[in-house]
Amino acid sequence: MAKRPDITKPHGSAPASAKLDWNDLSVFLTLSRHRNLSETARVLGVNHTTVGRRIRALESQLNERLFERSRHGFLLTEAGHNLLTHAEGMEQHAHSIALEFTEKSAAPGGIVRLATMEALGSLYLAPKMAKLYKQLPSVRIELVTASHWINLSKREADILISFPKPQGRRIEVQKIGEFALHLYATPGYLKAHGHPKTIDELKRHRLIDYIDELVQISAVRWLSDIVQEPPVEFRSTSLVAQYHAAAMGLGIAMLPTFVAGRDKRLVRVMADRIVVKRDFWLTVHADLLHLTRVREVMAFLTKLIDDDRTFLLGGS
């Protein structure tokens with residue numbers, strides 16, 4: 001039996017055959033999306049050992065290591081990312097050919113990884129997923145919530161919704177809306193501590209905010225838009241924690257409308273004087289724009305924000 005080439009050898013040590021097995025590429029695509037041998041095997045209807053064998057054969061033929069195994073599963077190497085771009089292009093062309101010659105419309109399918117800030121993802125987007133699944137029943141969403149920048153160039157996500165405008169190479173960015181932030185507190189807190197009417201009076205209240213030195217995205221420093229060096233009595237890296245603390249009467253917090261706007265436990269403070277706004281930016285890597293499932297999810301998110309614009313800007 002011929003010995004397989006060593007895939008750990010330096011690039012260029014042995015030219016890869018020009019003939020690739022599409023079945024191997026199909027296994028590669030599925031593993032890159034699911035990052036797990038057993039789940040990939042289940043989706044493809046094969047044994048997990050078959051998945052491993054196919055990937056080893058592809059790596060051997062290309063003389064490249066395509067995956068690194070970690071506690072998060074099978075993660076693409078740089079060579080894997082390069083191959084993914086070509087393989088997804090081949091997949092899309094195959095779908096286009098099938099549609100053209102059968103004259104049938106196929107629903108977009110596959111996994112789309114959507115990244116955003118914790119509160120937006122958990123409190124606003126997650127409840128909307130049932131509507132998305134009803135519209136796009138073949139699409140599966142992986143929702144990533146983080147307090148730091150998600151790197152689309154490294155394929156940490158397919159789509160990003162952020163507050164500040166991202167910068168980077170080969171990314172497509174568009175503003176899809178705005179949201180407002182207001183000061184919120186419970187009626188019980190205001191009854192016990194009084195209703196502030198000026199910034200000076202506000203400074204004498206219990207304020208809730210982020211831990212300043214742990215803030216990784218400066219756009220969330222919204223309380224400082226209205227109060228310089230606010231006397232904060234409770235801090236958290238989590239906006240969800242701030243929200244729950246305010247809802248239980250701990251103090252006054254600056255919260256987005258999509259977090260607190262419909263919570264009957266909270267009322268706006270100094271609503272006629274203080275409103276802060278931020279933008280919604282929708283970002284996708286340019287290499288993914290040809291994928292129908294990505295475009296459909298982007299369209300859903302854009303329409304969602306547009307339909308909710310009155311509420312997001314502080315209306316009813």
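The values are calculated or read from the model by the stated rules, or taken from the named source; none is laboratory data. Fair warning: this is a prediction, and the values are worked out from it, not measured in the lab. A quick note on method: Cβ atoms are made from the backbone with ideal geometry, for glycine too, and the neighbour counts reach across all protein chains shown.
Please go through the range 28-87 and give me each residue that is in a loop (DSSP other than H, G, I, E, B) and within 14 Å of residue 156 (Cα to Cα), ordered by number. Quick ask: steps written out before the conclusion?
Residues of the range 28-87 that are in a loop (DSSP other than H, G, I, E, B), as a first pass: 35-36, 45-47, 63-66, 71-72, 77.
Matches in the range 28-87: 35, 72, 77.
Okay, residues lined up against (1) of a type in the set (Lys, Arg); (2) at pLDDT below 95; (3) over 24 Å from the mean Cα position of the chain (by Cα):
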| residue | (1), (2), (3) |
| --- | --- |
| 137 | no, yes, no |
| 144 | no, yes, no |
| 149 | no, yes, no |
| 156 | no, yes, no |
| 169 | yes, yes, no |
| 203 | yes, yes, yes |
| 230 | no, yes, yes |
| 243 | no, no, no |
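Are any residues in the range 156-197 assigned to a loop (DSSP other than H, G, I, E, B), touching a residue at least 60 places away in the same chain (Cβ under 8 Å) and over 30 Å from residue 33 (Cα atoms), and if so, which ones?
186, 195, 196, 197
Assess whether residue 286 counts as being of a type in the set (Gly, Ala, Ser), buried (at least 17 other Cβ atoms within 10 Å of the Cβ) and in contact (Cβ under 8 Å) with a residue 24 or more places away in the chain. Even if it seems obvious, please write down each step before you answer.
On the way: of a type in the set (Gly, Ala, Ser): yes; buried (at least 17 other Cβ atoms within 10 Å of the Cβ): no; in contact (Cβ under 8 Å) with a residue 24 or more places away in the chain: yes.
When the stated conditions are applied, residue 286 does not pass them.
Can you name every residue in the range 213-250 that is within 19 Å of residue 162 (Cβ to Cβ), of a type in the set (D, E, K, R) and touching a residue at least 24 places away in the same chain (Cβ under 8 Å)?
Result: 225, single match.
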